[in-house]
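All remarks here apply to the structure that follows.
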Amino acid sequence: MKILIQKGRILNPSDQRDEVGDIYMEDGVIQEIGGTITPEETPDKVIFAEGCYVMPGLIDLHVHLRDPGLTHKEDIVTGAKAAARGGFTTILAMPNTKPVIDCADRVQYVHNKAKELAPVHVLQIGAVTKQQKGEELADIEGMIQAGIPAISEDGKSVMNMKLYREAMEIAAKHDLPVFAHCEDQNMVNGGCVNEDKHSKELGLPGISNAVEDVIVARDIVLAKETGARLHLCHCSTKDSVRMIQLAKEEKLPVTGEVCPHHFTLTSDDMVAGDTNYKMNPPLRTEADKEALLKGLKEDILDVISTDHAPHSREEKQQPMTKAPFGIVGLETAVALTVTELVDKGVITPLQMAEKMSYNPAQIIGSDRGRLEVGSPADVTIIDPEAEYVIDSMSFLSKGKNTPFDGRKVKGLVKATICDGEVVYQQD
Ligand SMILES: NC(=O)N[C@@H](CC(=O)O)C(=O)O
Ligand SMILES: [Zn+2]
Ligand SMILES: [Zn+2]
């Protein structure tokens with residue numbers, strides 16, 4: 001396949017390129033970049049990208065594909081198709097499936113199925129402990145052999161610090177990042193929304209900032225002691241941002257991610273009884289959101305990930321205290337990032353490419369995330385001016401659980417190219 005992208009705004013973090021030009025790719029590799037390109041042979045496809053961002057293929061470090069075992073919510077194929085529609089060419093799947101991905105053959109199951117059937121790259125993350133029970137370590141070294149890009153206990157924290165320290169030592173030895181979901185299991189105590197005036201008004205058990213902050217502090221301390229690379233998932237509090245800033249000042253290998261719902265909404269936006277506003281961590285206060293925006297602007301927060309967490313309608317239709325935590329995010333992340341961050345001047349388009357592609361690639365040691373001659377032809381084309389209304393019924397994901405249904409946004413994925421093949425094109 002020979003593809004020519006014409007007159008797009010090329011945004012490449014690795015050399016800070018931000019200029020209008022063409023890109024030509026062949027056999028899954030970028031052959032030429034910049035200026036006006038006239039290929040020797042006629043391309044199979046020409047994409048006219050005037051007015052569009054042309055970024056290295058987006059990489060989502062935090063996705064729940066629910067495969068194996070929970071495929072009524074999502075499976076590898078539907079999740080990967082949703083990813084392609086959302087502009088992602090690589091997604092990392094969290095291991096909180098049924099059974100939990102805690103050994104090499106389960107990692108292989110996902111990788112094999114994805115290779116055969118998924119339109120984008122799927123990398124499976126390994127659990128930290130067996131069955132995510134927090135009692136014994138999973139077969140981390142076996143899973144490293146099978147090609148995991150990271151370990152994570154996402155969905156919970158490993159509460160036993162001695163065990164977690166051992167996991168970090170193994171991770172450090174192999175230069176594998178540890179993706180940390182920070183939530184003190186004892187302190188959360190059945191909470192389901194942020195602890196503030198709204199939780200009180202609604203009579204719902206609250207989740208305080210400290211539930212997150214104490215584990216962020218703990219994990220930074222453990223990373224410092226073990227030398228492990230620590231990536232903090234779905235940061236939601238102002239003090240998480242402050243602590244990441246301190247860790248960075250100390251030159252510790254700590255990175256932070258934020259999800260679109262946390263930089264777009266606060267608990268003020270919750271609609272009483274609507275479980276599409278229930279996710280973990282919860283929507284916080286305006287002060288927290290402001291700190292996240294500042295953290296993104298100042299590059300204290302390195303990554304925008306979705307924490308795509310599909311659930312069935314039936315599961316989400318339960319009362320607020322019973323419904324599972326989580327919302328889908330693959331097909332709304334680009335629009336929310338363009339609308340809330342780029343359009344409002346919080347981050348530049350180049351920073352968007354950094355936080356959604358280049359930085360995630362760096363964290364997992366991937367050669368993707370860059371638009372350079374010789375690099376893999378993973379490319380995302382986005383029209384930042386296209387305005388539309390989010391319609392959850394159009395999602396390719398099985399999950400329709402989003403608080404953004406009906407929201408007016410700007411920023412549309414026009415095409416997603418993975419390994420030199422068009423895996424999604426908007427019609
Ligand atoms: N974020 C969520 O609200 N839910 C996630 C778990 C997680 O990411 O912690 C899920 O697996 O559903
Ligand atoms: Zn989590
Ligand atoms: Zn998650």
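The values are calculated or read from the model by the stated rules, or taken from the named source; none is laboratory data. Everything numeric in this text was worked out from a predicted model, so none of it was measured. Virtual Cβ from ideal backbone geometry, glycine too; neighbours counted across all protein chains shown. These accessible areas exclude ligands, DNA and RNA; they are computed on the full protein's heavy atoms, side chains included. Shrake-Rupley method; radii C 1.70, N 1.55, O 1.52, S 1.80 Å.
Output the residues belonging to the range 139-179 that are of a type in the set (Val, Ile, Thr) and in a helix (DSSP H, G or I).
Within the range 139-179, Ile140, Ile144, Ile170 meet the criteria.
Taking the range 297-327 as the region of interest, how many residues are within 15 Å of Lys400 (Cβ to Cβ) and either open to solvent by 10 Å² or more (accessible area, probe 1.4 Å) or aromatic (Phe, Trp, Tyr) (or both)?
Looking only at that region, the number is 8.
Please specify each residue of the range 1-55 satisfying the condition of being under 23 Å from Asn359 (Cβ atoms), of a type in the set (A, V, I, L, M, F, W, C) and either surrounded by fewer than 16 Cβ atoms within 10 Å (Cβ to Cβ) or in contact with a Ser or Thr (Cβ under 8 Å, 6 or more places away or on another chain) (or both).
Val29, Ile30, Val54, Met55, listed by residue number.
So, of the residues in the range 277-304 that are out of contact with any Ser or Thr (no Cβ under 8 Å at 6 or more places or on another chain) and among the small types (Gly, Ala, Ser), which turns out to be farthest from ligand 1 (Cβ to nearest atom)?
Ala287
For Gly369, state whether it is part of a loop (DSSP other than H, G, I, E, B), open to solvent by 50 Å² or more (accessible area, probe 1.4 Å) and in contact (Cβ under 8 Å) with a residue 12 or more places away in the chain. So that I can check it myself, show each step before the final result.
Details: part of a loop (DSSP other than H, G, I, E, B): yes; open to solvent by 50 Å² or more (accessible area, probe 1.4 Å): no; in contact (Cβ under 8 Å) with a residue 12 or more places away in the chain: yes.
When the stated conditions are applied, Gly369 does not pass them.
Any chance you could count how many residues in the range 244-296 are in a strand (DSSP E or B), more than 15 Å from ligand 2 (Cβ to nearest atom) and within 23 Å of Ala309 (Cα to Cα)? Break it down into steps so the answer makes sense when it comes.
Here is the first cut: in the range 244-296, the ones in a strand (DSSP E or B) are 254-258.
Restricting the remaining residues to those that are more than 15 Å from ligand 2 (Cβ to nearest atom) gives 254-255.
Among the residues that remain, those that are also within 23 Å of Ala309 (Cα to Cα) are: 255.
Number satisfying all stated conditions: 1.
Taking into account only those residues within the range 123-147 that are in contact (Cβ under 8 Å) with a residue 40 or more places away in the chain and open to solvent by less than 10 Å² (accessible area, probe 1.4 Å), which is nearest to ligand 1 (Cβ to nearest atom)?
Kept after step one, since they are in contact (Cβ under 8 Å) with a residue 40 or more places away in the chain, are these residues of the range 123-147: 123, 125, 128, 143, 145-147.
Of the ones still in play, those that are also open to solvent by less than 10 Å² (accessible area, probe 1.4 Å) are 125, 128, 143.
Details: Ile125: 12, Val128: 14, Met143: 19 Å.
Checking each candidate, the answer is Ile125.
Could you list, in sequence order, all residues of the range 211-232 that are surrounded by fewer than 24 Cβ atoms within 10 Å (Cβ to Cβ) and in a loop (DSSP other than H, G, I, E, B)?
Passing the criteria: Gly227, Arg229.
In the range 180-210, how many are within 23 Å of Ala150 (Cβ to Cβ) and either part of a loop (DSSP other than H, G, I, E, B) or touching a helix residue (DSSP H, G or I) at 6+ places or on another chain (Cβ under 6 Å) (or both)?
Summing the residues that are within 23 Å of Ala150 (Cβ to Cβ) and either part of a loop (DSSP other than H, G, I, E, B) or touching a helix residue (DSSP H, G or I) at 6+ places or on another chain (Cβ under 6 Å) (or both) in the range 180-210 gives 5.
Given (1) in contact (Cβ under 8 Å) with a residue 24 or more places away in the chain; (2) open to solvent by 30 Å² or more (accessible area, probe 1.4 Å); (3) in contact with a Leu (Cβ under 9 Å, 6 or more places away or on another chain), where does Pro360 come up short, assuming only one miss?
Of (1) in contact (Cβ under 8 Å) with a residue 24 or more places away in the chain; (2) open to solvent by 30 Å² or more (accessible area, probe 1.4 Å); (3) in contact with a Leu (Cβ under 9 Å, 6 or more places away or on another chain), only one is false for Pro360: (2).
Of the residues in the range 206-257, how many are basic (Lys, Arg), without any contact (Cβ under 8 Å) to a residue 40 or more places away in the chain and either touching a strand residue (DSSP E or B) at 6+ places or on another chain (Cβ under 6 Å) or within 15 Å of Asp299 (Cβ to Cβ) (or both)?
Looking only at that region, the number is 1.
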